[in-house]
Structures are given as structure tokens and as C-alpha cells.
Amino acid sequence: MKQEDLFKNIVSHCKEYGFIFPSSEIYDGLSAVYDYGQMGVELKNNIKQYWWKSMVQYNENIVGLDSAIFMHPTVWKASGHVDAFNDPLIDNKDSKKRYRADVLIEDHIAKIEEKIAKEVEKARTRFGDAFDESQFVTTNERVIKHQNEIDEIKHRMNTALEANDLPAIKQLIVDLGIVCPISGSRNWTDVRQFNLMFSTQVGSVNEDSSTIYLRPETAQGIFINFLNVQKSGRMKVPFGIAQIGKAFRNEIIARQFIFRMREFEQMEMQFFVRPGTELEWFKHWKETRLNWHLALGMGKENYRFHDHEKLAHYANAATDIEFKFPFGFKEIEGIHSRTDFDLSAHQKFSGKKLQYYDYELNESYTPYVIETSIGLDRMFLSVISNSYKEETLEDGSERVVLSLPPALSPIKAAILPLTKKDGLPEKARKVMDMLKMDYMCQYDEKDAIGKRYRRQDAIGTPFCITVDYQTLEDDTVTIRERDTMAQERINISELSDIINAKIRL
Ligand code: ATP
């Protein structure tokens, strides 16, 4: 199946089974805003818990925070967002469609990358087992030509973006002959900067009102509470503050489902370190965060690092962890060495000292910061798109299964009485009451058992427990495993141990 079709199927599966609905659907939806349904909210909570445990619970020197979405407007002056949180946008005069100029260029690069991938595949078929991919890409003339082309485009784009040279970005789009995907024309406006922050008024609208912003990242709530947490928690550098919460960005182009939303959730951790040690910690967090992803078992080959060439104004090192989504490798998490930029800026703008006294060194300093920032919704998309499988079974029938990591599955066990009579529902309810105190379970007695298995496969339930006539005699049930569909007869008293062993990460 084509990746595009697969992605469409994933999106409709998410709606059909209560994972994700378009926001305000009865009013024809609101672009780039989504609601999480009854299954989605469980999966989302499980991802949050997986992150929170590994960051806050397992690290004695990391604590949590839940700061407000609204903050004093000067926070965003200090952080640089009022002046520099911009995307370069360009309009096509014929289709009247608006694009992010850098994304148009990146899409063009992706097309050249596809050409390279095709050359590689062709050669792989030709050479068979003897094929050495790294040798091929460094020696094949056509591949080298394409790669040089990509390098040159990237260089021009990054230089222009860094210098905020908008005419140069437009010129690059013109030189590359990029056309509007809708109108097919090259009739472009000039490139303009567009600030991504949403603003609103606080106080009565006329007199003493002032403009405040919906936070575009959760990080600043951590920085402005740095001293509160450090003092009240008696934290010693190095230490971290972690937070999960909503962020808002007025994204110009909103596409690819929940990949790029206007309202989304972030899981961020700011780690405060001694100046001069930040690059060691950067390396530590880069490895630690990749291992966190890999522990889910979704395939090492689906992740890669992308080190930034163009660094943000606050960073001295930055990398993205990219995941192979159905539409290609894209950023899922950012790891940034933010220097002392934020704390120093808040110190300057607030006039309050934001320093740490290090008893070991006997001196005060402004700590440096390593940030790990992951989008909860992108993580959700990675998990669901990696788990979605359309399978043809041995008997020729088809099933859709979500092979979710069991720890993240919305429902851990389904309890299914074989029939609706003869005391089976009552017995099944007892099993349900026993298990539901520990994790999410679902009771289902409607339709034939095979159909009920399919419904559970489709929402990624790792175990189906069937209560039948034998259960009434000897307290045994059958337990069916989702991925292998293997069934085993066990005693009810063994259920908890078997399920617990599988759903732990
Ligand atoms: P992009 O380049 O894709 O716009 P970014 O580099 O601006 O992302 P960061 O500011 O580093 O993103 O934000 C940290 C994380 O927040 C990203 O890795 C991503 O997972 C998530 N994120 C950012 N913007 C969005 C969005 N509009 N919708 C969903 N998740 C987002």
C-alpha cells in the first residue's frame, strides 16, 4: 500500500475507534485543532505517565511543575518570542494559499532525497547481497550530484534564514522553480515574517487591559520559577524541572493531522548545570532521550538524530530526534543546550537576581540549561502510526490491529463472557471487578467472540480473557494474546501476574 493511503487509513481509524476527532466537527471543524476521544485520552495519559516516571520518578534530582498558561507579557519580551518567534511566509497569488517559505524549500529537498533513495533501491536490486549502501552513496555519480545539490540548497537557505534575509529566501524559491502544489504556478508574493504567538486581552477590554499571550512553549514557566523550585525544594545543581502542558502556536500551514497543531501539548524538562559542563550534559541527555524512545520497541531504524546547523538565538548546541512517520523522517523531540540565555534575560528584564550559590565552588553563577522538549501529540502519532497494521490471516480473513506497546495500550484487558446467559456474564463481571482496580479493562458481551476479538485488536488491547462454561466448573479462563493471537487456558488467580508482567515497561 502507498504510504499516503496508509496514512489516510490511520487517520480514519483514529476517528472510528475514538482516538482522535476533528475539533468542532459539527461546525465543519477547526483547522489544526483536534480532540482526543475515549481511547485517545487513555493512550495520551499513558504516554505522559511513561515520560513523567522516567524523568521525575526515576531521577532524584528532577522535580515536576505545573505552571500557568498565562504569564506576564514581559516574559515573552525577555525570551525573545515577541521579536523573533517568527516563520517566513509566502503566498501564491493564483491559489491564494499561504506557505511557510522554509517548508516549501524543505519539501523540494525531500523530493531530491527521494531520487537518491530510488537510486539506492535500484542498485540494491541489481547487486543483491553484495550491495554496500555506504560505498554506493559515496561513489555513485548521480547520487553525488543530487547530494551536492541538497547541500547547496541547505547552505543558501540557512544563510538566508540566519541573516533574516527575506529577499534571498524568495530568490531561492524562484531559482529552484518551486511551484504552488495547488495552482501549479510560480506567481509568488514576497516573503514576510509572521509571529506565531496568539494574543488576547486580560482585564476589561477598554481601560486597564493589557495584551497577554498564550504560551508557545512550556519552558518559560520553568525558567521564571527556577528560584522558587530551587529554594523551596533545596535543589542542588545539577537538577531538572519537568513539566507537561499545553502550548499554542498560530502555525501558518497546518497539515499532517496531529503532527502540526495550533493547540498542542509539550513534555519539557530544563536541566540546570554548572557553566562549562553543558556540552557533557547535552551528550548525556541526547543519549538518554533516544534510549527512552528505543525502550518502547518501535524499531531502532525508525529513529535518527538531526544535528542543527542553524542554531536558535539561545543555543550553543541542538539536535532533533527524528522519527520515521508515514510521511518521512520528521522531528519528534528537540534537545537544546540553551546556555544561560533565558535566566540571564529574565534577570535583566525583571531586575531580580536569578543566580545559584554553589557551596562546593564557593561562588554564585547563572546556571546553564539543557532542555529536552517533546511534543506529546507527535509522540502519540509516532506510536499509533507505528502500531497500525492491516493483516491477512491464515484463513484469508483480514484484521486491523494496533500492536501498541502494552504499557501504552488504552485498555489492558477485555473480559468477554462466551454467551450472554447461564451465569457467564455474572462470572465475567467478577473477573472484571477484580482486574479493574489495577488497570483499564473493558467488559463486552455483544456479538460473536471473533468479532469482539477484532474490536479489541483495533484498539490495541494486549489481552482478551474469555469466560466460558468450563470457567464455572474450575475457575479457569482462556487468555488470548493480541499480536500472536495465541490462546492459553489458565487459572483466574494467575491473570494478574501474567498481565502485569507484560504491561510493565
Ligand atoms: P517544527 O520545526 O516542526 O515547527 P520546532 O522545532 O519549532 O518544530 P520546538 O520549538 O523545538 O519545535 O518544540 C519542541 C517539540 O514540540 C517539537 O519537537 C514537537 O514535537 C513539538 N511541537 C512543536 N510545534 C508543534 C505543533 N505545532 N504541533 C504539535 N507539536 C509541536
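The values are calculated or read from the model by the stated rules, or taken from the named source; none is laboratory data. Here the structure is a predicted model, which is why all the values come from computation and not from measurement. Cβ atoms come from the backbone with ideal geometry, glycine included; neighbour counts cover every protein chain shown.
What to note about this one:
- Residue check for VAL273: more than 10 Å from the ligand (Cβ to nearest atom) and touching a Lys or Arg at 6+ places or on another chain (Cβ under 7 Å): no
- Verdict on LEU290 being more than 30 Å from ALA163 (Cα to Cα) and exposed (fewer than 14 other Cβ atoms within 10 Å of the Cβ): no
- Qualifying residue in region 232-245 (condition: over 20 Å from GLY64 (Cα atoms), buried (at least 18 other Cβ atoms within 10 Å of the Cβ) and either within 12 Å of the ligand (Cβ to nearest atom) or among the acidic types (Asp, Glu) (or both)): no
- Selection within region 85-115: residues that are under 24 Å from the mean Cα position of the chain (by Cα) and of a type in the set (Gly, Ala, Ser). The member of this set that is farthest from GLU152 (Cα to Cα) is ALA101.
Condition check ((1) within 20 Å of CYS14 (Cβ to Cβ); (2) hydrophobic (A, V, I, L, M, F, W, C)) across all residues:
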residue: SER397; (1), (2): no, no
residue: LEU402; (1), (2): yes, yes
residue: VAL431; (1), (2): no, yes
residue: CYS464; (1), (2): no, yes
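- When restricted to residues that are touching a residue at least 24 places away in the same chain (Cβ under 8 Å), away from the ligand (no atom under 16 Å from the Cβ) and within 25 Å of LYS44 (Cα to Cα), region 350-389 contains 2.
- Subset of region 250-270 [more than 10 Å from the ligand (Cβ to nearest atom) and of a type in the set (D, E, K, R)]: ARG255
- Only one of the numbered conditions (1) touching a helix residue (DSSP H, G or I) at 6+ places or on another chain (Cβ under 7 Å); (2) closer than 30 Å to PHE271 by Cβ is not met by ALA219, and that is (1).
- Meets criteria (more than 16 Å from the ligand (Cβ to nearest atom), in contact with a Ser or Thr (Cβ under 9 Å, 6 or more places away or on another chain) and assigned to a loop (DSSP other than H, G, I, E, B)) for ILE411: yes
- Helices (runs of 4 or more DSSP H) enclosed by region 216-295 - at least 2 residues per element that are within 21 Å of ILE321 (Cα to Cα): 278-294
- Any pair with Cβ under 8 angstrom, 6 or more apart, that starts in region 480-494 at a residue that is small (Gly, Ala, Ser) and at pLDDT 95 or above and ends at one that is outside any strand (DSSP E or B) and surrounded by 10 or more Cβ atoms within 10 Å (Cβ to Cβ): SER493/ASP475
- Among the residues of region 414-437, those identified as among the hydrophobic types (A, V, I, L, M, F, W, C) and either under 15 Å from ARG482 (Cβ atoms) or not in a helix (DSSP H, G or I) (or both) are ALA414, ILE415, LEU416, LEU418, MET437.
- Of all residues in region 134-166 being not charged (D, E, K, R) and not in a helix (DSSP H, G or I), the one that is surrounded by the fewest Cβ atoms within 10 Å (Cβ to Cβ): ALA163
- The residue pairs whose first member lies in region 314-343 and is basic (Lys, Arg), whose second member is within 12 Å of the ligand (Cβ to nearest atom) and assigned to a strand (DSSP E or B), and whose beta carbons are closer than 8 Å, counting only pairs six or more residues apart or on different chains, are LYS330/GLU322; LYS330/PHE323; ARG338/GLU371.
- Evaluated against (1) of a type outside the set (D, E, K, R); (2) over 30 Å from TYR388 (Cα atoms); (3) within 13 Å of the ligand (Cβ to nearest atom); (4) in contact with a helix residue (DSSP H, G or I) (Cβ under 9 Å, 6 or more places away or on another chain), HIS308 falls short on exactly one condition, (4).
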